[in-house]
Amino acid sequence: MKRRSSSKRDQMKVALIGAGGMANLVHYPSLSEMHDIELVGLCDLDAQKLRATAERFHIPRTYLDYRQMLDELKPHAVYALMPPHQVFDIAIEVMTRKHALFIEKPPGLNAFQNRQMALCAQRSGVIAMCGFQRRYIPLLDALRKKVEQRGRIHTAVVTFVKCSYPIASYYNGAIDILSCDAVHAVDTLRHLCGGEAVSVAGDVRNLGADDNNAFYAIVKFSTGATGILQTNWACGRRFFRVEMHAQGISAYADPDESGILYKDGKLEGEHFDPAECAGNTADWHRLGFFDENRHFIDCVKSGKTPVSNLADTVKTMELVDRIYHSQIQ
Ligand SMILES: NC(=O)c1ccc[n+]([C@@H]2O[C@H](COP(=O)([O-])OP(=O)(O)OC[C@H]3O[C@@H](n4cnc5c(N)ncnc54)[C@H](O)[C@@H]3O)[C@@H](O)[C@H]2O)c1
């Protein structure tokens with residue numbers, strides 16, 4: 001993938017830690033399309049992935065030790081893209097050295113780790129963002145704007161299901177399903193409903209698995225919106241679907257397929273295509289990764305706080321805890 005050039009003087013230096021799946025599939029393809037940044041270095045512990053990824057994205061310097069990379073390259077911003085049980089130490093080190101930081105979801109293993117990272121970002125005075133990319137999906141954004149033209153969302157339903165029983169954890173048991181992956185749906189619910197989660201009724205279940213694998217909740221938000229969460233890893237296939245409702249208007253969306261908007265009781269809806277909303281057919285555009293990366297880079301350049309900053313994502317991880325601790329009988 002060839003990067004387009006622009007004057008080096010105007011480019012922001014970005015260093016990358018991690019040459020794994022998400023890095024290669026969505027993040028580095030997104031960054032490679034931006035003219036105002038320079039991918040100055042890449043680090044991974046795996047020499048083969050390091051070489052292949054550096055070649056693919058034309059990254060000039062490679063490292064097996066990220067501290068050495070930060071010492072030598074002094075980047076403005078750093079991506080740390082590895083699983084949640086591996087990211088904490090790196091994130092703290094990067095922010096303590098006063099580099100802006102981007103990490104993938106989840107922001108650490110739990111709310112405690114997320115809070116510690118948010119505190120570190122605050123003390124160091126750096127921009128730090130977690131990539132909860134559902135917030136940046138162009139299809140959902142377009143539908144949300146249409147719905148909110150009519151008024152505040154009063155109800156949102158987020159359904160995220162997969163077929164992966166009987167294993168009910170990620171990374172060989174390092175983290176539970178709700179904190180690691182179903183957390184996408186929790187974060188989307190917060191994003192759509194707005195405000196603070198005021199009260200929560202949860203139903204956490206183990207459906208034939210080695211731990212909990214289905215998580216339901218009704219959440220009342222301070223905006224007056226009701227959020228309904230349905231996540232279940234013992235279903236027939238993977239779906240991520242969103243409903244948003246305001247007075248006289250409803251949107252139903254699946255970012256992998258399509259969206260539809262209904263108004264005023266009419267049976268005919270207005271159709272929305274995910275790639276058309278993104279203006280691009282590539283997965284990293286359609287699914288929100290390009291926009292989330294652009295948002296991070298813009299925030300680093302302008303000093304603006306990112307939407308999914310680490311202090312904000314604490315609220316998502318705390319809502320995960322509340323779902324566990326609000327079991328209905
Ligand atoms: N947003 C989404 O839809 C989505 C989807 C899948 C995964 N994710 C998240 O993305 C993150 C990364 O997942 P992945 O599947 O890309 O991981 P991965 O295991 O494919 O890649 C991680 C890479 O980091 C490297 N690494 C680990 N520790 C390192 C260190 N100390 N120094 C240098 N390199 C190191 C590993 O060698 C590996 O190459 C996870 O947090 C996961 O939850 C998000």
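As an exercise: evaluate Val87 against (1) within 15 Å of the ligand (Cβ to nearest atom); (2) in contact (Cβ under 8 Å) with a residue 60 or more places away in the chain; (3) buried (at least 24 other Cβ atoms within 10 Å of the Cβ) and give the number of the one condition it does not meet. The number of the failed condition is (2). Can you name the residue in the range 18-49 that is over 19 Å from the mean Cα position of the chain (by Cα) and near the ligand (Cβ under 8 Å from one of its atoms) and is also least open to solvent (accessible area, probe 1.4 Å) among such residues? Checking each candidate, the answer is Cys43.
I want to confirm something. Restricting to the range 50-84 and keeping residues that are under 21 Å from the mean Cα position of the chain (by Cα) and of a type outside the set (Gly, Ala, Ser), which single residue is surrounded by the most Cβ atoms within 10 Å (Cβ to Cβ)? Going through the qualifying residues, I end up with Val78.
When you scan the range 308-317, how many residues do you find that are touching a strand residue (DSSP E or B) at 6+ places or on another chain (Cβ under 8 Å) and surrounded by fewer than 21 Cβ atoms within 10 Å (Cβ to Cβ)? Before the answer, list the steps.
Taking the range 308-317 as the starting set, the residues that turn out to be touching a strand residue (DSSP E or B) at 6+ places or on another chain (Cβ under 8 Å) are 308-310, 313, 315.
Filter again for surrounded by fewer than 21 Cβ atoms within 10 Å (Cβ to Cβ), leaving 309, 315.
Matching residues across the range 308-317 total 2.
Quick one: how many residues across the range 190-210 are under 12 Å from Lys315 (Cα atoms) and touching a residue at least 60 places away in the same chain (Cβ under 8 Å)?
Residues meeting the conditions: 3.
Lys145 meets each of the listed conditions (1) part of a helix (DSSP H, G or I); (2) free of Cβ contacts under 8 Å to residues at least 60 places away in the same chain; (3) more than 30 Å from Val300 (Cβ to Cβ) apart from (3).
Go through Ile103, Ile153, Ile218 for me and flag whichever is among the β-branched types (Val, Ile, Thr), open to solvent by less than 30 Å² (accessible area, probe 1.4 Å) and not assigned by TED's automatic domain parsing to the domain that holds Ala91. Before you say what the answer is, go through the steps one by one.
Details: Ile103 fails: not assigned by TED's automatic domain parsing to the domain that holds Ala91; Ile218 fails: open to solvent by less than 30 Å² (accessible area, probe 1.4 Å).
None of the others qualify; the one that does is Ile153.
Close Cβ contacts (under 7 Å, 6 or more residues apart or on different chains) running from residues in the range 23-51 that are in contact (Cβ under 8 Å) with a residue 24 or more places away in the chain to residues that are away from the ligand (no atom under 13 Å from the Cβ) and among the polar types (S, T, N, Q) comprise His35/Ser6; Asp36/Ser6; Asp36/Gln11; Ile37/Gln11; Glu38/Gln11. Applying the condition of being of a type in the set (A, V, I, L, M) and open to solvent by 30 Å² or more (accessible area, probe 1.4 Å) to the range 171-199 and asking which residue is nearest to the chain's Cα centre (by Cα) yields Ala174.
Condition (residue is touching a Pro at 6+ places or on another chain (Cβ under 6 Å) and either farther than 20 Å from Ile92 by Cα or away from the ligand (no atom under 13 Å from the Cβ) (or both)) applied to the range 276-283: is it met by at least one residue?
Step one: list which residues in the range 276-283 are touching a Pro at 6+ places or on another chain (Cβ under 6 Å), which gives 277-278.
Restricting the remaining residues to those that are either farther than 20 Å from Ile92 by Cα or away from the ligand (no atom under 13 Å from the Cβ) (or both) gives 277-278.
The answer is yes; a qualifying residue exists.
The values are calculated or read from the model by the stated rules, or taken from the named source; none is laboratory data. Predicted model only: the values in this text are computed from it and were never measured. Quick reminder, even Gly has a Cβ in these numbers, built from the backbone with ideal geometry, and neighbours come from all protein chains shown. What goes into the accessible areas is simple: the full protein's heavy atoms, side chains included, and nothing from ligands, DNA or RNA. Shrake-Rupley method; radii C 1.70, N 1.55, O 1.52, S 1.80 Å.
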